[in-house]
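The values are calculated or read from the model by the stated rules, or taken from the named source; none is laboratory data. Only a predicted model underlies this, so the values are computations on that prediction, with no experimental measurement involved. Backbone-built Cβ (ideal geometry, glycine too); neighbour counts: all protein chains shown. Ligands, DNA and RNA are excluded from the accessible area calculation, which covers all protein heavy atoms including side chains. Shrake-Rupley method; radii C 1.70, N 1.55, O 1.52, S 1.80 Å.
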2 protein chains.
Amino acid sequence: MRTQAAIGVFDSGVGGLTVVRSLTERLPKEEIVYLGDTARVPYGSKSAETVARYSRNAARFLVGEGVKMIVIACNTASAFALDVLRAELALPVLGTIEPGARAAVAATRSGRIGVIGTLGTVRSGSYVRAIAAVDAHAHVTAHACPLFVPLAEEGWLDDDVAAAVARRYLRALALDAPELDVLVLGCTHYPLLRPLLTRVAQEVFGHEVTLVDSAQAMAEVARGELARLGLLRDDSDGQGALRCYVTDDARIDEVGHRFLGRHLGEIIRVDL
Amino acid sequence: MRTQAAIGVFDSGVGGLTVVRSLTERLPKEEIVYLGDTARVPYGSKSAETVARYSRNAARFLVGEGVKMIVIACNTASAFALDVLRAELALPVLGTIEPGARAAVAATRSGRIGVIGTLGTVRSGSYVRAIAAVDAHAHVTAHACPLFVPLAEEGWLDDDVAAAVARRYLRALALDAPELDVLVLGCTHYPLLRPLLTRVAQEVFGHEVTLVDSAQAMAEVARGELARLGLLRDDSDGQGALRCYVTDDARIDEVGHRFLGRHLGEIIRVDL
């Protein structure tokens, strides 16, 4: 019975659809209920208290939808609300930060890891703590890159403007940590900039830099956790559906497909 | 009695402090109560219904503070909520769009006017309608420039990245309307980019383009309206104070002074 329940995913907006994409690749049979809090997007520039409050609203909505697991797609919400939600809810709750931290430690050779994300995520220090918990000797340098989100939403993914912005941010990072060889994409929007960031990182650092996508790392952890709990959906030929809820319907239809990699189908407007 | 009451100003976030700055220049004796809805910022990418709902919350808070007039600093909120608030409230409510439209018509010689703003403001068609109401023969071309807000908040006001973004947006505008000679800054953040936009507009259009700041135009209208209603504060040597409320206290202290042109003083956190 519970195995047939959906995975609930919430995010501040459309960006979390990159997490849905990763989950669908790893867990194609699972049904997914997605909630994008587009009426209050973004979370990345807001305070811990406000983000925790919004996350609690979102998680409760998903619990009401009968999900078997909650995935916090938003890195800022993972930073500020994971512990709160785990303490309050009776079902498994996953965030993006610990999986991203583990993947980063596994990938580094120099032991120097860079993290890029929103202001909120970077200020929370969550990646720094999560990486230190996995490898106390790793050096972590985190920088906020607020322009990457609007660039991704404009669809300016690999052009002169996007390159100028990426150079500005990565040069600042290189000044602080010239030897880093792993860069964690600590925001749901950043995977769209991956080809550009790969190239600019190589140019700026002068050596290969491995990009770690926290969404992919988290999808792997979600699969392991569902298997461990006996909650993997096992229809031999099922194909999981995606049900999308938003708190405001302004833009998700236009930009969502870029994040999801396909069209979204029906989108339902709800108030939290 | 009422003349001593404050002017209430609300905005989606910190941007409206440019409007406070213009009001303070024109009406130095007036007390101002400012509410920045920083927990739900930005409004610019959200739907008419959501923006109207948030604006109603904000206006009611200001009414509760005993203000004598409400100024909607946010262009998106002016576009979506001015009529609603005027219908519901018993005190004068001013928006930025009609004053900006009047100033633009007064400034143009070619009769070709450009408007830049958020997605919400541009899609609302409000500037186009407001300008047509003043001069039915004016041609208006409006373009959304979503990256200008994060540029202003980063403080990247006049550098290579800001110039590349400005060129991209203004070239698109010039393709549609090569003869425009007035450009309305239809978003509270844009006055910070004014020196850059003046230069890039000249470069892209090849002739002088007059920049119209809706905030300045609106402050002038506010003064006229208060005088007409006998509500101008008349202490011979009073200097109006500014009281600042925000719905989330994440960043306003850091970036606010750039918008206001001075430090903010005490900031009080409220829930709407």
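Laid out as a table, the results:
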quantity	calculated
Unique match (being at pLDDT 95 or above and buried (at least 24 other Cβ atoms within 10 Å of the Cβ)) among A:VAL128, A:VAL221, A:VAL182, A:VAL134	A:VAL182
Among (1) more than 18 Å from B:ARG199 (Cα to Cα); (2) assigned to a strand (DSSP E or B), the one test that B:ILE116 misses	(1)
Test set (1) open to solvent by 40 Å² or more (accessible area, probe 1.4 Å); (2) over 30 Å from A:GLY120 (Cβ atoms); (3) away from every other protein chain (no Cβ under 14 Å) - B:LEU226 fails condition number	(1)
Qualifying positions in the stretch A:49-73 - open to solvent by 10 Å² or more (accessible area, probe 1.4 Å) and in a loop (DSSP other than H, G, I, E, B)	A:GLU65, A:GLY66
Condition met for A:GLN216 (assigned to a helix (DSSP H, G or I) and either in contact with a Lys or Arg (Cβ under 9 Å, 6 or more places away or on another chain) or more than 14 Å from chain B (Cβ to nearest Cβ) (or both))	yes
Candidates A:VAL165, A:VAL204, A:VAL140, filtered to the one that is more than 24 Å from A:ILE252 (Cα to Cα) and open to solvent by less than 20 Å² (accessible area, probe 1.4 Å)	A:VAL165
So A:TYR127, is it within 14 Å of chain B (Cβ to nearest Cβ) and within 23 Å of A:SER45 (Cβ to Cβ)	no
Filter result for A:ALA107 (surrounded by fewer than 21 Cβ atoms within 10 Å (Cβ to Cβ), more than 14 Å from chain B (Cβ to nearest Cβ) and without any contact (Cβ under 8 Å) to a residue 24 or more places away in the chain)	no
Check on A:ARG123, open to solvent by 20 Å² or more (accessible area, probe 1.4 Å), more than 23 Å from B:THR38 (Cα to Cα) and among the basic types (Lys, Arg)	no
Test for B:ASP248: is it within 14 Å of chain A (Cβ to nearest Cβ), touching a residue at least 12 places away in the same chain (Cβ under 8 Å), not in a helix (DSSP H, G or I) and not β-branched (Val, Ile, Thr)	yes
Residue identified as surrounded by 14 or more Cβ atoms within 10 Å (Cβ to Cβ), out of contact with any Phe, Trp or Tyr (no Cβ under 7 Å at 6 or more places or on another chain) and within 14 Å of chain A (Cβ to nearest Cβ) among B:GLY240, B:GLY256	B:GLY256
Unmet criterion (only one of (1) in contact (Cβ under 8 Å) with a residue 24 or more places away in the chain; (2) within 25 Å of A:ALA5 (Cα to Cα)) for A:GLY120	(2)
Of all residues in the stretch A:143-162 being of a type in the set (A, V, I, L, M) and surrounded by 18 or more Cβ atoms within 10 Å (Cβ to Cβ), the one that is farthest from A:ASP11 (Cα to Cα)	A:VAL161
Subset of the stretch B:138-194 (residues that are acidic (Asp, Glu) and within 11 Å of chain A (Cβ to nearest Cβ))	B:GLU153, B:GLU154, B:ASP159, B:ASP160
So A:LEU211, is it part of a strand (DSSP E or B) and not charged (D, E, K, R)	yes
All positions within the stretch B:15-43 that are assigned to a loop (DSSP other than H, G, I, E, B) and either more than 13 Å from every other protein chain (Cβ to nearest Cβ) or open to solvent by less than 10 Å² (accessible area, probe 1.4 Å) (or both)	B:GLY15, B:GLY16, B:LEU27, B:PRO28, B:LYS29, B:GLU30, B:GLU31, B:ASP37, B:ALA39, B:TYR43
